[in-house]
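What follows is one structure encoded as structure tokens, with my remarks underneath.
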Ligand SMILES: Nc1ncnc2c1ncn2[C@@H]1O[C@H](COP(=O)(O)OP(=O)(O)O)[C@@H](O)[C@H]1O
Ligand SMILES: N[C@@H](CCOP(=O)(O)O)C(=O)O
């Protein structure tokens, strides 16, 4: 088996994401302009070194349990290459953890694309011909984004966050035969151009909620009427985001997951209810507890938390056109 060579270094930047956007549960995602940055370097001396600054510093493990590291090992297994003898990961994290902003997906995507990039030129596929020589520092390093969507979605367990972090912008993801993530199907994503007027506001609380905990309260089955209503609104949501933002308020109604999780994030729903009563297209961001408002450039200043403001940090992060970026160091 070929081994990832020593002496390679890449810089990887990956954006946050907001999943669901109301009715698009487990399928629709939007990249947000909050970024994690990693420098990943291989060496010929054994051992692992991980340094973390920013979000998660002091909380995430800095040994082989670190999510970026474990994801890289998994990805090298998928690619059929042996890991390098030594690995250094320097993380500067800007994506808040356990706030419904896709931090775990960002970390997983970083691990997948870093592993792909560092294995370039090993003759693993046709694309590799171009990397017979390791590129000069500063060069962008393209990777197979379709593979990145698939591998990161399977590791994350749902494709909405990971797809947006890989591709940027607005994404809709699905499994071609519809039988779910746990049977090995390829995950596919469509990248949809956002209407130029769309702008987003995010309200981030101090409190955290693990996605696993928020998923545990969801029912295994839902009434047909709820599924039908969400399907219609999800279709309208794509139209509203791509073509006609005047429909955003109606398009962000959801009957599948937000009410079922209300007791997990009462303050989140209090803010969602307040903003929606004022006509803003507010939703729970991912599994919460952050709140996302889909607005327009002209209306964004009107999107305020009012009397609830002290509990929330208000951000206008922008929606990046591109997702994960990889450069040679
Ligand atoms: N950049 C990162 N580096 C290492 N671990 C991370 C990173 N981001 C997230 N994680 C792990 O993922 C957990 C949060 O994941 P999750 O509950 O899915 O919330 P989120 O909505 O932020 O994705 C963190 O507690 C941490 O264990
Ligand atoms: N579709 C998922 C999205 C979870 O997003 P996160 O950012 O909270 O991890 C869900 O709603 O469970």
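Values quoted throughout were computed directly from the atomic coordinates according to the rules given, and no laboratory measurement underlies them. Every value quoted in this text rests on a predicted model; they were computed, and no experiment measured them. Neighbour counts are summed over all protein chains in view; Cβ atoms, including those assigned to glycine, are modelled from backbone coordinates with ideal geometry.
Each peptide in 311-323, 88-100 receives the mean, over its residues, of other Cβ atoms within 10 Å, and ordering these scores from highest gives 88-100, 311-323. Out of all DSSP beta bridges in the chain, what portion is antiparallel? Express it as a percent rounded to 5. About 85 percent, rounded to the nearest 5.
For segment 198-315, list log₁₀ I(q)/I(0) at each q in 0.12, 0.13, 0.15 Å⁻¹, using the Debye formula over Cα point scatterers of equal strength and ignoring solvent, two decimals each. Here the Debye-derived log intensity ratios amount to -0.43, -0.51, -0.68. Of 105, 225, 260, the residue with the greatest mean-square motion in the GNM of the chain, using alpha carbon springs below 10 Å, is 225.
Peptides 67-73, 293-299 ordered by packing proxy, namely the average of other Cβ atoms within 10 Å per residue, highest first: 67-73, 293-299.
Using the Cβ-Cβ distance between residue 43 and residue 217 with R0 set to 51 Å, the FRET efficiency works out to roughly 0.70. Every Cα-Cα pair of the chain was included, and the share exceeding 35 Å stands at 21 percent. DSSP beta bridges confined to segment 35-148 are antiparallel in about 50 percent of cases. Its relative contact order, with pairs defined as Cα atoms under 8 Å and 6+ residues apart, puts segment 1-140 at 31 percent. In the chain, helices alone account for a calculated mean residue ellipticity at 222 nm of -8500 deg cm²/dmol, with every DSSP H run of four or more residues adding -39,500 (n - 2.57). Compute the relative contact order of the chain as a whole-number percentage, counting only Cα pairs closer than 8 Å that sit 6 or more residues apart in sequence. Here the relative contact order equals 26 percent. How much of the pair distance distribution for segment 1-143 lies past 19 Å, counting alpha-carbon pairs only, in percent? Cα-Cα pairs in segment 1-143 separated by more than 19 Å: 52 percent. Between 263, 106, 165, the Gaussian network model of the chain with springs among Cα atoms under 10 angstrom shows the greatest mean-square fluctuation at 263.
What is the helix-to-structure angle for 145-156, meaning the angle in degrees between its Cα long axis and the longest Cα principal axis of the chain, kept from 0 to 90 and rounded to the nearest 10? Approximately 70 degrees, to the nearest ten.
Of the residues 42, 187, 221, which exhibits the maximal mean-square fluctuation in a Gaussian network model of the chain defined by a 10 Å Cα contact cut-off? It is 221. Computed from Cα positions, the angle between helix 67-79 and the longest principal axis of the chain comes to roughly 60 degrees.
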